[in-house]
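A short worksheet on the structure shown next.
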Amino acid sequence: MAAPSVKGFPDFQRFKILAKDDLTSLLDQSPGKKDLVIDGDLMKPLDRIASVSLLKQRGVDKIFKFDGTLKSMHGCEQRVYLVQPRMTTMKAIADHINSDKNINFMRKYSIIFVPRKLHTCLSVLEYEGVMGYVTLHELHLDFVPLDKDILSLELPEFLKSFYLENDQTWIHSVARSLVRLQALTGEIGHVHCIGKGAKMVNDLMNYLMKRDNNSDQDFSRHEIGSLILIDRDVDYVTPLCSQLTYEGLLDETFGIKCGTIEFGPEVTGKQQSAKLLLNSDDAIFEDVRNRHFSNVLGYLSSKAKLLQQDFDKRHGLKSVGDMKDFVANELRRLKEQKSVLANHIGACEQILGKKTKGGFEEYLQAEHSLLEGTSLRENVTYIEELLFKQDNMLKTLKLICLLSLTQDGISPQTYKSLKTQYLQSHGFEQLVTFSNLKSLGIVTEQETGSQASTPLNKVTSGMAAMTRRSTFKTLCKKLSLIPKSEDIDLKTPTDMSYVYSGAYTPLSCKLVEQVITRGGFTGMEEITKCLPGGVHSENHVKRSKGKSARQDRPVSKVVLVYFLGGCTYSEITALRFLGRLKGYVFVIATTAIINSSTMLESVMEKPPI
Amino acid sequence: MATADWNPLGEVYYKKCELYSMEWSETVDISKFEVSAAPYGGPIALLKDESKTARVQVSTKPIVTVFTAAGKQLGQMRWNSGNIHKMGWSHTEDLLFVQDDGVVLVYDMFLNFKKTFGMGQEAKDVKVIDCKIFSSYQGTGIAVLTSTCRVFIINSVDDPRIRRLAEVPGLSSAPSSWAVINLDRQSRALIAKGSELCLIDHGGQYQVQTPDLSTDVTEFLAMSLSFNNRCLAMFTDKGVIWIGSSDLQKKYCEFNTKSPTPPQQLSWCGAGAVVGLWGNMMLVVGPDKDWINFNFDCPVHLVEEEDGLRIIGKYQHEFLHKVPEVTEKIFKIGSMEPGAMLFEASKEFYKGSQKADEYIRIIKDKLEVAVSQCIEAAGHEIDPAKQKPLLRAAAFGKCFLTDYSPEAYVNMCQMLRVLNQVRHHVIGIPLTYSQLQHLSMPILIDRLVLRKLFYHAVKICQYLKIPDAEGASRILAHWACYKVQQKSENDETIARAINQKLGDTPGISYSEIANHALEEGRPDLATRLLDFEPQAGQQVPLLMKMHKDSIALSKAIESGDTDLVYTVLLHLKESMNQGEFFMAIRNMPVAYALFIQYCRQQNRTLMEDLFYQEDNFQEEGTCKVINSFGKERMEDRVEELKLAQSCFTKAKNEFARVQTEDQIKLLKYQQRLEEEMNRPFLNLSLHETIYRLTIGNNHKVAEQLRKEFKVPDRRFWWLKIQALGESGDWVELEKFSKGKKAPVGMEAFVEVCSKHGNMKEALKYLAKVSPEQKVKCLVKVGERKKAAETAFDNRSEEELNYVLSKCGPNDKQLVDSIRSMKQQLGKR
């Protein structure tokens, strides 16, 4: 079956333009020279929407990074804070103002809240007695378009605050972002929710849409066919697996922040480090980002050879005119390509260096056998060995998490001993980490019951253990997440599982596949009952509007997948692959792009300094 | 004849026409009242001071009555406050009363009290002797003159800010006359002191002005400003009316009335003529000394309008205005203007006369002008009977034009339809077309709403196709606010009636209506109305105002907007005692979680209290543990941990309890070690502590810790091997390897040695590695060739494959030799 020709990604640059316009008009509301103090978390997203020169044009004199530990700040007569609505931030701002008050040097202060102001923040300002000195604004910056198919809210704290602390604040932000998105792209016809947060977002979104419905909505526009909202707590396994695609490895090794990566001297081979914008505009990167790492270097070196040939053309140049032409056009392009290529090759070497050292292979083997649910005993021993050798704490923790997630918890004895060993290796404060992970359901204790001591029960529980299959295992079986064939062609893959070397198909992506091919959750009851939070489907298509979105219209092939709590680059890659395979266009929206380390770090207790 | 009632005044004409015959004619004798009418066809207020008219001195308070311009009564009340000094209207059609103590009372046109404010302490102390209500750039202003001859002024009754104007030097008694001039966004007072005029402002400046006057003057007895504040008329004690610009720089004329007494009213008719009223006689004076005389058969009151003068009498309400230029052009006898020709043509056409064609031919080129003139003239007519022929003429002329935009015609028809409607005596707003232009349609609609003519207002909105949000639904909201004031109906009926009418109309804020109901003292009605409010953000604040906190909280939660939830939560926290508050939120998981979140950042102790109250010892313990990290002093830290420990005991979390206990022990050890060795140990994990001790050659203490904390053998072995490797203590390492049988196998030793680059030592241990592990171990230390050989010796193809898989592109030779080994194995 030939895939229908769907090229059209909705144009998300509009978000940037909107945000830019909003920001400039806010800055214009404080005319004249001013200092801009920006929340550290907003630095990168701001980079994406407004350049420094634009800010300068709008009268910004100096730009400071917000530092909550400073009690006072210097600068000119006018100061604009661009911050996220946090109480601690407010307290720090109040400190700044109060210290200015004490030396009788008053400035004009304004605070721009991103994405909106919160009552709690205002109450802090009021309590500190500075409310009268500040003017307050809001900048509705929600989606930062990282690429033509990736929208990120850049809210890494979503995972912790929603799943761990039950704080629904960001659910509202997510719903808002969808409302604003649909104001641009038109209403999305079908909504599928997987998980409890997804359902909440959907309800809130409907509520907000109804409220803001001013009947002047443009129904003619219709750019996205369906929306799949998926909770991270439905699938914690996938982000904990070691990423093996190029883009995923870049993120795990160097950390991609808001679509940019910074290569140190060890990669560039020069004194200074290089900042690279990683998106589809970089042709070389676009070619390799989705590849399994095993065939990246080969491709890059062949690319290097081609480039060399292009360079060599200059020897064949006949006339002076040709020469001039070459220098004017070709050379510049070639030089740029060369430096990009050099960076990527450098990065590959770094990754390779890190992966060959430190027993990565054993680790990967343990990870894969955990996913398959085999050799349990050996894996526990392996984890213990990592602990005894004082190996990287995140790495060890990842395996403990996977052990628990794939087995529906760890048996009490093992649970206790692993925890004890972990604490002995990495400190007492990890007690809190384990308590957090327990609340999240990532590392739990199996409930065998206290009556296991009676012989009869021992038999039955033993029986139960034999027949019992863990939820994850059921899902693996039902959705065939673990491919049967041993050898999968990583070069020309035929299955999403290639992103994990053919060992595992990401659960989240498989669910997306099921939903789009079935057009909902019908016939999936066996599977959906294994998912926490349940599922929900809704139809928004207005039949009466005549031009209802029919299934064969290309727009119905545009699917927005929204990850609550973040997603990994590997999942994005898998979905891109799925899109190519089935003729869909996937647009990925997420609260943040995460990887196993950033995910775990966000819920870990920081050791005392 | 259309021009029969035109009165020439110099080169222009003035015309008086009847607006209404007054409904009040049976009951009201205007001469017995103090009269005040609002401009723009506004209502008329009458103040009957019986103490003045009654023959016997009675101490009854005066009666105030308000009528529409058509004389229909809107409201009546007996005054029950102080002495009214002056009565007037604001630009929002509120009735203002200024008392002699400077207190201003504001009523709506139905005489419902709205608000009150004063004109300052000084005015209160020394009494007000005169007062002017004037229109300022900010709305309606009030100026009072105190008995000390000081002027206090406010520029807006909506935002009364009192300013004191400069003092007029040497003014000891009340001025003979004064006025407030409002020009260039500034209000100044012009005070007549004898023959002098003084202009004073609130900047403390005063200027003496001398107008150009040809006759002697000892006093100015009256002065009047035109509607636009640009022209001034003054009446001198010699009976002369001086007319000039309000800055006194220009004189238009002086007119000697030969009257020894000043007029009862000196007013302007638009900006073109000054009107003086003496009893039943009215004199109209033009800027060029032309004049017209009118006589009335009963007393009248004059009301200035921007384009004319309303004359209110007992029987009639008339309007005096200049005949508009365009009307003059059409109707003036012998006019050859295109409009006049078209009008004639249309008349002939409807008569069926061929003359119509002739007229049209004459103005063929100017037909467009003609049509516009007819349209405009129609607008200026008040009588529909006169509008019609003009519009008909315009329509007729339009037929001969091919590309004439009908917009002006249609607009005028619509405007006239509306104007005729509001001029109808039932509504009674005698607005002219030019007044409407100035007032604007939304304000006219507001005024209808003010008069509670909701139906008419809605119809007009619908007729003009004004969007619902700014038109009909806004009016409905006003209607609803009015409705909730009807005490006679019960809450249920009103709520239902309102919802029926308003439904889900966009732009309706039920909470605003509910707020009104609340202000009317009907909380139950407010609650019912709030149920219709779709926006939780609007509901919640009002519910809180009504002290319906728990409903507010659940509504806020329903909205999914945590910000709203916080608003309610923080309010609750302030208004309840802690115990009640905790009880209130414990059954609301969302609110509970949010509050915890708030505490986590703002007030950790409160959070612990909450956990304690909830018997959530696990969380309480965790809190204490986290607290302990922040403590500087060791004693505090241990104290917190001990508290945590007891929490964990209560929580039956044996594991956490033991760990906490161990941590306390470890901390104490570390502290002691720091003191003894003068090296940092605090905050290290157990493993790191022992590791450092081993590196530092303190094997004894390390051993002690190992026993104390029951460190497993395998951990201890790994630890010690790695530590010794790192410190390069190969002797000790060898000693260690020869001790108790190692639980980790010899390969650990090999690994550590090779990691630290000591191949010699590595080989030493390699010999002791068990045969199964040997190949792997060799590969690990990089001896692939040896590994291959060993594998071959073991005759294990599997091991050979393993070595092969570890070969890189640089091991070509080795790969070849392994391949041949494999072949050899295969052969055998």
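Identify all residues within the stretch B:704-742 that are of a type in the set (A, V, I, L, M) and away from chain A (no Cβ under 11 Å); write none if there are none. First the steps, then the outcome.
Residues of the stretch B:704-742 that are of a type in the set (A, V, I, L, M), as a first pass: B:705, B:711, B:719, B:721, B:723-724, B:731, B:733, B:742.
B:Leu724, B:Val731, B:Leu733, B:Ala742, listed by residue number.
Would you be able to tell me the number of residues in the stretch B:264-285 that are closer than 27 Å to B:Lys250 by Cβ and modelled with pLDDT under 90?
Qualifying residue count, the stretch B:264-285: 3.
Looking only at the stretch B:204-222, count every residue that is under 51 Å from the mean Cα position of the chain (by Cα), part of a loop (DSSP other than H, G, I, E, B) and surrounded by fewer than 16 Cβ atoms within 10 Å (Cβ to Cβ) and tell me the total.
Counting residues in the stretch B:204-222 that are under 51 Å from the mean Cα position of the chain (by Cα), part of a loop (DSSP other than H, G, I, E, B) and surrounded by fewer than 16 Cβ atoms within 10 Å (Cβ to Cβ) gives 4.
Among the helices (runs of 4 or more DSSP H) contained in the stretch A:281-354, which hold 3 or more residues that are buried (at least 16 other Cβ atoms within 10 Å of the Cβ)? It would help to see each step written out before you state the result.
Values: elements: A:283-288, A:297-312, A:320-325.
Hits in the stretch A:281-354: A:283-288, A:297-312.
Any idea which residue in the stretch A:404-432 is farthest from the other protein chains (Cβ to nearest Cβ), counting only those that are within 27 Å of the chain's Cα centre (by Cα) and on the phi > 0 side of the Ramachandran plot?
The qualifying residue farthest from the other protein chains (Cβ to nearest Cβ) is A:Asp408.
Taking into account only those residues within the stretch A:42-60 that are in contact with a Leu (Cβ under 9 Å, 6 or more places away or on another chain) and closer than 20 Å to A:Val144 by Cα, which is surrounded by the fewest Cβ atoms within 10 Å (Cβ to Cβ)?
It comes out as A:Leu54.
Please state which of the following conditions B:Leu436 fails to meet, knowing it meets all the rest: (1) without any contact (Cβ under 8 Å) to a residue 60 or more places away in the chain; (2) under 26 Å from B:Gly75 (Cα atoms); (3) surrounded by fewer than 20 Cβ atoms within 10 Å (Cβ to Cβ).
Only one criterion is unmet by B:Leu436, namely (3).
Which numbered condition in (1) crowded, with 18+ Cβ neighbours inside 10 Å; (2) closer than 22 Å to A:Leu431 by Cβ is the only one that B:Lys631 fails?
(1)
Return the only residue of B:Asp158, B:Asp184 being at pLDDT below 90, within 24 Å of B:Ala233 (Cα to Cα) and surrounded by fewer than 16 Cβ atoms within 10 Å (Cβ to Cβ). Full working, then the answer.
Details: B:Asp158 fails: within 24 Å of B:Ala233 (Cα to Cα).
Result of the check over B:Asp158, B:Asp184: B:Asp184.
What do you reckon, is B:Phe532 without any contact (Cβ under 8 Å) to a residue 40 or more places away in the chain, more than 8 Å from every other protein chain (Cβ to nearest Cβ) and part of a helix (DSSP H, G or I)? Quick ask: steps written out before the conclusion?
Numbers: without any contact (Cβ under 8 Å) to a residue 40 or more places away in the chain: yes; more than 8 Å from every other protein chain (Cβ to nearest Cβ): yes; part of a helix (DSSP H, G or I): no.
Taking the combined requirement at face value, the residue does not satisfy it.
Just one of the numbered conditions (1) in contact with a strand residue (DSSP E or B) (Cβ under 9 Å, 6 or more places away or on another chain); (2) under 30 Å from A:Ile256 (Cα atoms) is not true of A:Met87; which one?
(1)
Within the stretch B:454-510, which helices (runs of 4 or more DSSP H) (wholly inside it) include 3 or more residues that are modelled with pLDDT under 85 and under 26 Å from the mean Cα position of the chain (by Cα)? If you could, list the steps in order and put the result at the bottom.
Working: elements: B:454-463, B:472-483, B:491-502.
Ranges flagged: B:472-483, B:491-502.
Grab the helices (runs of 4 or more DSSP H) fully contained in the stretch B:269-372, keeping just those with 2 or more residues being more than 22 Å from B:Gln387 (Cα to Cα).
Values: elements: B:325-331, B:338-351, B:355-362.
Ranges flagged: B:355-362.
Would you please list the contacts, defined by Cβ atoms under 9 Å and residues six or more apart or on different chains, that run from a residue in the stretch A:563-576 that is free of Cβ contacts under 8 Å to residues at least 24 places away in the same chain to a residue that is not in a strand (DSSP E or B)?
The qualifying pairs do not exist here.
Could you tell me whether any residue of the stretch A:223-231 is modelled with pLDDT under 90, surrounded by fewer than 22 Cβ atoms within 10 Å (Cβ to Cβ) and over 22 Å from the mean Cα position of the chain (by Cα)? Outline the logic, then answer.
Taking the stretch A:223-231 as the starting set, the residues that turn out to be modelled with pLDDT under 90 are A:223-225.
With the extra rule that they be surrounded by fewer than 22 Cβ atoms within 10 Å (Cβ to Cβ), the set shrinks to A:223.
Add one more test, that the residue is over 22 Å from the mean Cα position of the chain (by Cα), and what stays is A:223.
Checked against the condition, which is being modelled with pLDDT under 90, surrounded by fewer than 22 Cβ atoms within 10 Å (Cβ to Cβ) and over 22 Å from the mean Cα position of the chain (by Cα), the stretch A:223-231 yields at least one hit.
May I ask you to list the residues in the stretch A:188-222 that are in a loop (DSSP other than H, G, I, E, B) and either at pLDDT below 85 or within 8 Å of another protein chain (Cβ to nearest Cβ) (or both)?
Quick first cut of the stretch A:188-222, residues in a loop (DSSP other than H, G, I, E, B) only: A:188-189, A:195, A:213-222.
Once the filter is applied, which keeps residues that are in a loop (DSSP other than H, G, I, E, B) and either at pLDDT below 85 or within 8 Å of another protein chain (Cβ to nearest Cβ) (or both), the stretch A:188-222 yields A:Asn213, A:Asn214, A:Ser215, A:Asp216, A:Gln217, A:Asp218, A:Phe219, A:Ser220, A:Arg221, A:His222.
Sort through A:Leu490, A:Leu475 and tell me the only one that's crowded, with 18+ Cβ neighbours inside 10 Å, under 25 Å from A:Ala366 (Cα atoms) and hydrophobic (A, V, I, L, M, F, W, C). Before you say what the answer is, go through the steps one by one.
Working: A:Leu490 fails: crowded, with 18+ Cβ neighbours inside 10 Å.
Answer to the selection: A:Leu475.
Quick check on the stretch B:587-600. Is at least one of its residues more than 11 Å from every other protein chain (Cβ to nearest Cβ) and within 28 Å of B:Gln538 (Cβ to Cβ)?
yes
For the stretch B:601-640, give me each residue that is more than 13 Å from chain A (Cβ to nearest Cβ) and of a type in the set (A, V, I, L, M).
Scanning the stretch B:601-640 gives B:Leu606, B:Leu610.
Would you pick out the residues in the stretch B:393-434 that are in a loop (DSSP other than H, G, I, E, B) and hydroxyl-bearing (Ser, Thr, Tyr)? Show your work before the answer.
As a first pass, look at the stretch B:393-434 and keep what is in a loop (DSSP other than H, G, I, E, B): B:399-406, B:424-432.
Of everything in the stretch B:393-434, those that are in a loop (DSSP other than H, G, I, E, B) and hydroxyl-bearing (Ser, Thr, Tyr) turn out to be B:Thr402, B:Tyr404, B:Ser405, B:Thr432.
Condition (residue is of a type in the set (Gly, Ala, Ser), within 10 Å of chain A (Cβ to nearest Cβ), part of a helix (DSSP H, G or I) and crowded, with 20+ Cβ neighbours inside 10 Å) applied to the stretch B:548-571: is it met by at least one residue?
Taking the stretch B:548-571 as the starting set, the residues that turn out to be of a type in the set (Gly, Ala, Ser) are B:550, B:552, B:554, B:556, B:559-560.
Subsequent filtering for residues that are within 10 Å of chain A (Cβ to nearest Cβ) retains B:559-560.
Remaining after also requiring part of a helix (DSSP H, G or I): B:559.
Add one more test, that the residue is crowded, with 20+ Cβ neighbours inside 10 Å, and what stays is B:559.
There is at least one residue in the stretch B:548-571 that is of a type in the set (Gly, Ala, Ser), within 10 Å of chain A (Cβ to nearest Cβ), part of a helix (DSSP H, G or I) and crowded, with 20+ Cβ neighbours inside 10 Å.
Filter the stretch A:251-265 down to the residues that are outside any helix (DSSP H, G or I) and either of a type in the set (Val, Ile, Thr) or touching a Pro at 6+ places or on another chain (Cβ under 8 Å) (or both) and list them by number.
First pass over the stretch A:251-265, keeping only residues outside any helix (DSSP H, G or I): A:254-264.
Passing the criteria: A:Ile256, A:Cys258, A:Thr260, A:Ile261.
Testing A:Asp41 on (1) in contact with a His (Cβ under 8 Å, 6 or more places away or on another chain); (2) under 24 Å from A:Lys20 (Cα atoms), one condition comes back false. Which one is that?
It fails just one condition, (1).
Looking at the structure I just gave you, is B:Lys760 in a helix (DSSP H, G or I), in contact with a helix residue (DSSP H, G or I) (Cβ under 6 Å, 6 or more places away or on another chain) and charged (D, E, K, R)?
no
Which of the residues belonging to the stretch B:278-297 are of a type outside the set (Lys, Arg) and more than 16 Å from B:Lys16 (Cα to Cα)?
If the condition is that a residue be of a type outside the set (Lys, Arg) and more than 16 Å from B:Lys16 (Cα to Cα), then B:Trp278, B:Gly279, B:Pro287, B:Asp288, B:Asp290 are the ones that fit.
Tell me which residues, restricted to the stretch B:67-104, are of a type in the set (A, V, I, L, M, F, W, C) and assigned to a loop (DSSP other than H, G, I, E, B). Step through it out loud before you land on a result.
Kept after step one, since they are of a type in the set (A, V, I, L, M, F, W, C), are these residues of the stretch B:67-104: B:67, B:69-70, B:74, B:77, B:79, B:84, B:87, B:89, B:95-98, B:103-104.
Within the stretch B:67-104, B:Ala69, B:Ala70, B:Trp79, B:Val103 qualify.
Quick grid of which residues meet (1) modelled with pLDDT under 80; (2) closer than 19 Å to A:Phe360 by Cα:
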| position | (1), (2) |
| --- | --- |
| B:Asn758 | no, no |
| B:Val769 | no, no |
| B:Asp793 | no, no |
| B:Gly808 | yes, yes |
| B:Asp816 | no, no |
| B:Gly826 | yes, no |
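The values are calculated or read from the model by the stated rules, or taken from the named source; none is laboratory data. Since the model is a prediction, treat every value here as computed from it, not as a measurement. All Cβ positions, even for glycine, are placed from backbone atoms using ideal geometry, and neighbour counts span all protein chains on display.
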